[in-house]
Amino acid sequence: MATFKTTTTLELEEDTPFENLTQIGSNTVLMIVSDGVGNKLFLKLNTDAIKENQTIICNTEADLCLKLINGVWMWVPC
């Protein structure tokens, strides 16, 4: 199992209902959180604050970083 770490503070939005997961658009980053009683919260990354070429997530095992390059999310070597 790979380990991922964030390299910056991420701003997430709570406006992602479960029904829309089948219609995920391009360049969308989602997070699903479940609390101690099983309540689930679906969050969407607010990309407005992300700068071009900024790393937001690192895969420490594969040494790959998720970056916004020319408006497209790409896994690239860290």
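Bear in mind these aren't lab numbers, they're just calculated from the coordinates by the rules spelled out. Remember, it's a predicted structure, so these values are computed and weren't measured experimentally. So basically every Cβ, Gly included, is an ideal-geometry build from the backbone, and we count neighbours across all protein chains shown.
Values computed for the structure shown
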read-out	value
Sparsely packed GluC sites (Glu not before Pro) within the range 16-78, loop by DSSP, other Cβ within 10 Å at most 10	52, 61
Loop trypsin sites (Lys or Arg not before Pro), the range 36-70 (other Cβ atoms within 10 Å of the site Cβ: 13 or fewer; DSSP)	51
Label assignment, Kirkwood radius over Cα pairs in Å derived from the structure, set (1) 17.9; (2) 12.2; (3) 13.7	(3)
Whole-Hz couplings from phi, Karplus 6.51/-1.76/1.60, listed for the range 63-78; x for Gly and Pro	6, 10, 10, 8, 10, 8, 10, 6, x, 10, 6, 9, 8, 10, x, 6
